[in-house]
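The values are calculated or read from the model by the stated rules, or taken from the named source; none is laboratory data. As the structure is a computational prediction, the values presented were derived from the model and not from experiment. Reconstructed Cβ throughout: ideal geometry from the backbone, glycine too, with neighbour counts over all protein chains shown.
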Amino acid sequence: MIGDVHSNALALNTVLNAAAQERVDALLITGDLVGYYFSARAVINLLAPWEKFVVRGNHEEMLARLRREPASGGEIRRRYGSGLDIVLAQLSEREVDQLCNLPHPLSLELDGRKILLCHGSPEDLDRYVYPDSDLGGWPTARWTPSIWW
């Protein structure tokens, strides 16, 4: 499982080399492939040969917002830097579309095990879940901790 790569190709390459040595069959990616750092193209290229299941993170969500509302760029740049501008410069429209349209969350079954892949939390890309988080008020009929912990 990999998450929060943020266009850091050097770190991703290290992780993928270790995964290859361990003969990992598929990657589960919890979003934020892009943002902050400057190697979006290299990140996409490094991931291309891998079987992968990927969900949208808050940085892909911001990328979609930046495309829809260019005026939001000032606020995004002040808070997060120019990493998303670099994504737009390095990647094709098709690749940016793919990032912006990643699912969230993603339910899948691998080797008979049900997995719910998400960024932040199943209900909100920006809600962080910690071991001591109060999960009261979450719609337990849809998401149960036994599925995604």
(message) Suppose we keep only residues that are assigned to a helix (DSSP H, G or I) and under 17 Å from the mean Cα position of the chain (by Cα) within the stretch 11-26. Which one would you say is nearest to Trp50 (Cα to Cα)?
(response) Leu16
(request) Could you please find all residues in the stretch 27-47 being buried (at least 21 other Cβ atoms within 10 Å of the Cβ) and either assigned to a loop (DSSP other than H, G, I, E, B) or of a type in the set (Phe, Trp, Tyr) (or both)? (result) Thr30, Gly31, Asp32, Leu33, Val34, Gly35, Ser39
(message) Suppose we filter Gln98, Gln90 for residues that are without any contact (Cβ under 8 Å) to a residue 60 or more places away in the chain and within 15 Å of the chain's Cα centre (by Cα); which single one remains?
(response) Gln98
(request) Six or more apart or on different chains, Cβ under 8 Å: which pairs go from a residue in the stretch 25-53 that's of a type in the set (Lys, Arg) to one that's crowded, with 16+ Cβ neighbours inside 10 Å and in a strand (DSSP E or B)? Could you list them? (result) Lys52/Leu27; Lys52/Leu28; Lys52/Ile29
(message) Residues that are modelled with pLDDT of 90 or more, of a type outside the set (S, T, N, Q) and more than 21 Å from the chain's Cα centre (by Cα): does the stretch 113-134 have at least one?
(response) yes
(message) Being of a type outside the set (Gly, Ala, Ser), part of a helix (DSSP H, G or I) and at pLDDT below 95 is the requirement here; does Arg77 meet it?
(response) yes
(message) For the stretch 80-139, give me each residue that is charged (D, E, K, R) and at positive phi.
(response) Asp111
